[in-house]
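One structure is given here, and the rest of the page talks about it.
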Amino acid sequence: MAAIIRLAWQSLANRKATAILTLLTVAISVTLLLGVEKVRTQAKSSFANTISETDLIVGSRSGQVNLLLYSVFRIGNATNNIDWQSYQEISQHRSVKWAIPISLGDSHQGFRVIGTNGAYFKHYRYGQKQPLQLAQGEVFDSLFETVIGADVARKLDYKIGDEIIIAHGISDLSFNRHDNLPFKVVGILEPTGTPVDRSVHVSLEAIEAIHVGWESGARLGSTPGADVLAARQFEPKQITAVLLGLNSKMQTFALQREINNYPKEPLSAIMPGIALHELWGMMSVAEQALLVVSGFVVVAGLLGMLTSLLTSLNERRREMAILRAMGARPGHIFFLLTSEATLLTALGVVVGTSLLYLILLLTQPIIQSQFGLLIPITAPTNYELLLLLLVQLAGMLVGIIPAVRAYRHSLSDGMTIKV
C-alpha cells in the first residue's frame, strides 16, 4: 500500500500543472465551504454575545426584531420615543432591579452616539456576563464629556483629552453638526467585539443640551455656548429604549405583559433571547442558500478533479501497460487511481483550510471594523471537521470512477496498449 501511495505521488508530480490546478479547485471550494460556515456560526455567536443578563428591552410599540436591532445592535431607527415619565415609572417598578435608559439619534463620523447614564457602565453585560471595562480614563461626569468605544478610538485615532463634534442624525454633514459644543474624550472602553466598540457614549443631559435651539432636526436659532448650558439643569423629555434587569426571572412574563398593556402610551417589552430566535428564523433561508451554494462549489471542484483524471486516463494507458509489464495487477492499477484522487483531495483540504485561516488573519480587523463581526481564529469545530471528512470521502468516491475504467483498460489491454 505504501508503495502504491508513493507511486501515486510520483505520478502526480510528473503531471504538476494539471495536479496543481485540480488541487486549487478543491482548495478554493473547501475555503468557501468552511468560510460560509464560520461566518454563519460566528455571526450568530457575535449577535448572541452582544447582550447578557438583560431580562427585558422596552421601546415604543413595534416588532420585537426591530426593537432588538436598533436598541442593541444600533441597526435602524426607532418608530417612536418613550416619554421620560414612563421610563421613571417602569424603572421604579417593584420587579425591576436596574434600568438602563438609552437615547439614540445622533452620530459622529458614522458612529452612533448613545445617550445614557451611569447605570450603563455599571449594569450592562455582554458575552458570558462580562462587564464593560475602561482601557483608559474614566466615566463621563460633566455635561460635555464622552466615553468612546475601542473601534472609535482606533479608527479615528482618538486619545484621552481629544475633542469631538457630534452631528444631528445618522449623516455627518456640516449643516447638522453641533460644532459649537465639542465633547471631550474622558474614557476609552476595552474592546468587546460588540456594537459597544463602535459607539460614542454621552449623558442623557448632554443630548438635551446640544438640541437647545433645534426643532425636528433643524437648527431654528442660535445655540447657547457650552458655559451657558453647563450652568443649566437638564432633564430628558424622551428616550429611545430601556434595558431592564429584574429581581427574579420569574417576574419576566408578568412585567412584560404589564408593559405591553401600559395605559399612558403604546410600549413593547421584549425578551432578547426570544427576539434573537425570531431573527435567526428570518435569516434561516439565507443561511441555507449560502450553504447550498457552497455545497455546489465543492461538488464543482470534485467534478473538476474527476474530469482531470478521466481526461488523462487515455493518455496514461501506455503507463498502465508498462506497470503491468513490471508485475502490477489490475487491482494495483485500481488502487493507484483511487490513491491519486485521495491525495489530491487531502492536499486540497489542507491547502483550502490553510487559505481560509490566512484570509481570516488578514481580514479579521477589517471585518470587525466595518461590520462589527468578530471572527476569532480558532481550531476547526467538530462540525467543520465533519464537513472536511465528508469532502475527503467524496473525493475518494470520485476517484473510484476513473479507477474502475483504468482497471478495465488494464484487463483488456494486458501489457500491450490498444489505440
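The residues in the stretch 135-153 that are over 24 Å from the mean Cα position of the chain (by Cα) and over 27 Å from V228 (Cα atoms) can be counted, and the count is 1. Of all residues in the stretch 198-224, those that are of a type in the set (D, E) and either at pLDDT 90 or above or touching a strand residue (DSSP E or B) at 6+ places or on another chain (Cβ under 6 Å) (or both) total 1.
Could we say that L32 is closer than 28 Å to A289 by Cα and either in the same structural domain as L356 (by TED's automatic domain parsing) or touching a strand residue (DSSP E or B) at 6+ places or on another chain (Cβ under 7 Å) (or both) here? Outline the logic, then answer.
Working: closer than 28 Å to A289 by Cα: yes; either in the same structural domain as L356 (by TED's automatic domain parsing) or touching a strand residue (DSSP E or B) at 6+ places or on another chain (Cβ under 7 Å) (or both): yes.
Considered against the rule, which asks whether it is closer than 28 Å to A289 by Cα and either in the same structural domain as L356 (by TED's automatic domain parsing) or touching a strand residue (DSSP E or B) at 6+ places or on another chain (Cβ under 7 Å) (or both), L32 comes out as yes.
Here the helices (runs of 4 or more DSSP H) wholly within the stretch 1-97 that include at least 3 residues being among the hydroxyl-bearing types (S, T, Y), under 30 Å from T307 (Cα atoms) and modelled with pLDDT under 90 are 16-48.
Among the residues making up the stretch 131-152, those that are surrounded by 22 or more Cβ atoms within 10 Å (Cβ to Cβ) and part of a helix (DSSP H, G or I) are D151, V152.
Restricting V72, V65, V139, V113 to those that are touching a Phe, Trp or Tyr at 6+ places or on another chain (Cβ under 6 Å) and under 23 Å from R198 (Cβ atoms) reduces the list to V139.
The values are calculated or read from the model by the stated rules, or taken from the named source; none is laboratory data. Note that the coordinates shown come from a computational prediction; the quantities given were computed from them, not determined experimentally. With ideal geometry, Cβ positions are generated from the backbone for all residues, glycine too; neighbour counts draw on all protein chains shown.
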